[in-house]
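What follows is a set of notes on a single structure, which appears directly below.
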Amino acid sequence: VAPGKYHEHLSYYGNASVTLVGSESEYGEDTYVYWKNNNAWNESSRTRTNFLWQGKNLTLKNITFKSTFLRSVDGTTGNDSNETFYFDSKSNLVVYNCSFLGHQDTILLGNKGGRAWFYKSLIEGDVDYIWGYIDVALFEECLLRSVADDDKTESHIFASRTVTKNEANKGFVLLNTEIEIDDNATKADFGRNSGADTQASVINCSVTTDGEGFNSALWGSATSEGYRVFDLNGDIAIGYKDYGNTLNGNIIDTSTRLEGTYDISKRIFN
């Protein structure tokens with residue numbers, strides 16, 4: 001894909017595996033695809049998204065995808081979901097050096113059976129800006145920005161719906177990643193329970209903020225009690241959990257963490 005700005009709504013419903021490669025630039029900023037959409041205008045997850053993928057394997061490299069919808073400009077209805085990207089496939093997704101920019105529900109990853117790897121990519125949003133049902137999604141050495149606008153300042157990274165009872169998937173994993181919290185974001189956290197079936201891990205990540213925006217509870221709400229699973233040693237296996245993260249260069253104090261969320265044990269980490 002040649003460098004340039006593309007005002008495009010993208011969707012694919014075929015059976016092919018596809019690779020899209022933009023020009024080499026930081027987080028794909030020179031190949032820029034943008035669109036404006038919203039749940040109030042197109043009321044379903046498949047129609048409110050800017051880029052819907054329902055094919056087989058997809059590889060994305062060196063491309064920026066942006067939702068230009070802003071609550072403060074375009075109005076708000078209480079449900080301001082607008083996925084910049086929806087991977088609606090049971091196949092594999094690989095992303096390298098790309099950007100996904102939006103606000104609420106920036107990335108939706110489903111279905112159960114799918115797998116994704118985001119590497120050295122930028123993801124920006126506010127409420128539940130990475131969510132979905134995929135078996136496993138690894139975000140490795142990425143940059144995440146928790147942002148705000150005039151009408152919404154709360155920020156949750158994950159809203160994971162990645163397990164069902166008696167079905168243990170890895171869920172969302174944030175590894176060796178930078179998390180930047182906008183000065184205007186309030187009570188930003190790693191994620192919240194948007195259903196019973198939450199499973200996510202945040203490991204060796206660095207959080208930075210100039211304000212007081214990071215929630216000392218670490219998580220907004222916990223995995224429902226009936227869905228938390230512990231191994232024979234009593235360590236958390238399924239639920240919201242974290243290990244070895246820092247806030248402005250210092251190890252995060254987990255003493256005030258939200259009840260029902262857990263430290264990953266050193267035994268499990270190793």
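The values are calculated or read from the model by the stated rules, or taken from the named source; none is laboratory data. Note that the coordinates shown come from a computational prediction; the quantities given were computed from them, not determined experimentally. Cβ placement follows ideal geometry from the backbone for every residue including glycine, while neighbour counts extend to all protein chains displayed. With ligands, DNA and RNA removed, areas are computed over all heavy atoms of the protein, side chains included. Shrake-Rupley method; radii C 1.70, N 1.55, O 1.52, S 1.80 Å.
Taking the protein heavy atoms of region 192-270 in the context of the full set of protein chains, the accessible area attributed to carbon and sulfur is 48 percent at 1.4 Å. Considering only alpha-carbon pairs that sit under 8 angstrom and 6 or more positions apart, the relative contact order computed for the chain is 11 percent. Can you match Cα extents along the principal axes in Å to one of these, (i) 51, 40, 36; (ii) 56, 52, 43; (iii) 82, 40, 36, based on a calculation from the structure here? Among (i) 51, 40, 36; (ii) 56, 52, 43; (iii) 82, 40, 36, the one calculated here is (i). The residues neighbouring Asp210, those whose beta-carbon lies less than 15 Å from its own, together hold a net charge of -4 under the Lys/Arg +1, Asp/Glu -1 convention.
Residues whose amide H falls under 5 Å from that of Trp219, counting only those 5 or more places apart or on a different chain, are Phe190, Leu258, with hydrogens built in the peptide plane. The eigenvalues of the Cα gyration tensor, multiplied by 5 and square-rooted, give region 128-267 an equivalent ellipsoid with semi-axes of 23, 16, 13 Å from largest to smallest.
Mean sequence separation of contacting Cα pairs (under 8 Å, at least six apart), scaled by the length of region 173-218, corresponds to a relative contact order of 60 percent.
Ligands, DNA and RNA left out, the accessible area of region 1-106 computed with a 1.4 Å probe is 47% carbon and sulfur. Using a probe of 1.4 angstrom and keeping all protein chains present, the accessible surface of region 1-53 works out to 60 square angstrom per residue.
Rolling a 1.4 Å probe over the heavy atoms of the protein chains gives region 91-204 an accessible area of 33 Å² per residue.
Sequence-ordered 3J(HN,Hα) estimates for region 206-214 from the Karplus curve with 6.51, -1.76 and 1.60 and θ = phi - 60° stand at 10, 9, 10, 7, 8, x, 10, x, 8 Hz, glycine and proline given as x. Averaging the sequence gap over all C-alpha pairs within less than 8 Å and six or more residues apart, then dividing by the number of residues, gives region 163-270 a relative contact order of 27 percent. In this simple spin-label approximation, Leu232 and Glu212 carry label points 7 Å from Cα along the Cα→Cβ vector, and these lie 4.8 nm apart. Between the alpha-carbon centres of region 93-161 and region 3-76 there is a gap of 13 Å.
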